[in-house]
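See structure below.
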Amino acid sequence: MKKSLIAALLVSSFAGLAGAATEAEIEAAFNPYKAGMPTFPGLKPGLVINKDNIEQFKDIVDAAQYKLIKDGWYDIKVSETFDFPNPKGYVEATKKNAGKTKLGAKTGELEGYVSGRPFPEEPQASDARAGEKLIWNFKYGINWGEAAAVSPFYWRYRNAATGQIERTIKFHFNFLNYTGRTDLEPIPAITPNPSGLFRAIYAKVEEPLDLKNTQLLIQKYQDDTKFDDAYLYLGFQRRVRRLATGQVTDAFLGSDLMIEDFEGYESRVSDMKWSYLGTKNVLMPYYKHNEMPLTDEYKDPAYKFVDFGGKGNCMPKVSWQLRKVYVIQAEPVNAAHPISKRIMHLDVQTFGASRNLIYDRKGELWKSFTIGKAHPDHHLPVNKGTGIALDDAFSVIDVQAQHCTTGQFKGQVDAKISPPSLFQVQNMRGGD
């Protein structure tokens with residue numbers, strides 16, 4: 001009995017340790033297609049997958065994607081698979097800091113992290129905490145890099161059954177990383193940072209008039225066990241109020257998204273139980289923006305947005321490519337949470353969460369969430385060479401309510417338009 005107890009304690013003590021990833025492992029992490037692109041019988045560029053042939057390709061789409069295509073919601077066009085290189089500084093930081101990061105005793109505790117990808121080695125099914133390591137890679141990934149803005153950012157609420165556009169909201173979104181910076185000055189961190197922030201998101205509504213100047217500020221801490229701070233400024237009330245923790249799981253401004261859904265997952269690592277479900281090749285919405293069907297509906301002289309189609313115009317008209325992904329499951333630790341689980345598909349190369357399946361409390365599919373990723377070298381000139389896979393269009397389909405919210409981005413990786421002063425509560429009060 002004593003030997004068994006000692007053995008169990010040793011396993012528990014060392015469960016969070018990460019052996020230093022080798023140079024070859026890190027190379028494979030950032031270049032997963034070096035030995036060749038993934039293939040599947042019958043799959044080729046230009047092929048359109050629809051309800052008539054979806055059974056043939058069932059193994060390379062997720063469960064929600066399969067159901068929606070089979071039910072005739074939309075078709076998807078296949079393109080060749082191509083690389084999405086990562087920022088050079090981020091890759092170098094991963095090599096430099098390999099082996100320094102380990103998990104703490106509890107979910108949400110991380111020790112020794114400096115910068116780069118915390119756990120670049122391949123996940124192992126035998127590792128009970130593999131899912132947790134993968135979500136840390138997502139959290140400290142390169143989504144929008146270290147400073148960026150989406151301006152403008154159009155959201156549309158749509159009745160999927162009729163195609164009616166119920167509301168269009170014009171936003172500006174800004175993003176800033178305070179720590180772990182590897183490619184944009186100041187490196188490695190923005191100082192002073194007395195609150196110990198890791199990242200912040202700021203959003204402001206420009207249109208329509210009844211929501212104009214509504215603002216949202218999210219401040220995320222380096223200490224994941226500390227609750228994020230979220231503040232909402234309502235223009236018609238002219239005051240800032242702090243959002244209660246539970247409000248991040250409410251419908252945001254009447255949309256099909258919760259704040260928790262932003263970017264694929266916006267809450268804390270410690271809010272969920274994480275499980276690694278496996279590695280597979282799956283069709284993902286990765287593409288070259290300038291080669292997609294674009295619309296000039298918004299009359300921007302310098303940019304055209306991704307167009308939408310399918311049932312209710314709920315899906316972006318973009319191409320999909322076969323990519324290697326890690327599949328993880330998140331189950332809320334709070335029994336009052338509105339969902340039972342979230343299945344996330346993390347792209348191995350970029351760690352973007354381009355496909356999310358969200359299930360209600362009864363365990364039934366509730367929402368299908370797609371985030372289209374555009375290659376930075378085929379986008380606005382300011383993004384060329386950044387190595388940032390750009391969020392370019394999104395779709396959240398509520399399959400139960402026959403409703404969707406869609407988004408069209410004009411994203412720019414540029415520190416000048418996301419200064420630290422923008423991410424202060426005082427800035428919200430002066431925003432009229």
Test for Asn143: is it surrounded by fewer than 20 Cβ atoms within 10 Å (Cβ to Cβ) and of a type outside the set (Val, Ile, Thr): no
With respect to the numbered conditions (1) under 23 Å from the mean Cα position of the chain (by Cα); (2) under 30 Å from Trp73 (Cα atoms), which one is the sole condition not fulfilled by Pro208? (1)
Any residue that is within 20 Å of the chain's Cα centre (by Cα), within 26 Å of Met315 (Cβ to Cβ) and surrounded by fewer than 21 Cβ atoms within 10 Å (Cβ to Cβ) - is there at least one of those in the range 163-172? yes
Arg361 passes all but one of (1) buried (at least 23 other Cβ atoms within 10 Å of the Cβ); (2) without any contact (Cβ under 8 Å) to a residue 40 or more places away in the chain; which number fails? (1)
Condition first: buried (at least 20 other Cβ atoms within 10 Å of the Cβ) and in a loop (DSSP other than H, G, I, E, B). Can you find one or more residues in the range 45-61 that meet it? yes
If a residue has to be basic (Lys, Arg) and under 30 Å from Ala105 (Cα atoms) to count, how many in the range 192-241 make the cut? 3
Counting only residues in the range 21-37 that are in contact (Cβ under 8 Å) with a residue 60 or more places away in the chain and hydrophobic (A, V, I, L, M, F, W, C), the one farthest from Pro85 (Cα to Cα) is identified as Ala21
Which is touching a residue at least 60 places away in the same chain (Cβ under 8 Å) and assigned to a loop (DSSP other than H, G, I, E, B), of Ala161, Ala200? Ala161
Could you check, for the range 306-326, whether at least one of its residues is among the β-branched types (Val, Ile, Thr) and surrounded by fewer than 21 Cβ atoms within 10 Å (Cβ to Cβ)? no
At pLDDT 95 or above, in a loop (DSSP other than H, G, I, E, B) and among the charged types (D, E, K, R), is that true of Arg181? yes
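The values are calculated or read from the model by the stated rules, or taken from the named source; none is laboratory data. Note that the structure is predicted; figures quoted are calculated from it, not measured. Cβ sites come from the backbone with ideal geometry, for glycine too, and all protein chains shown count toward neighbours.
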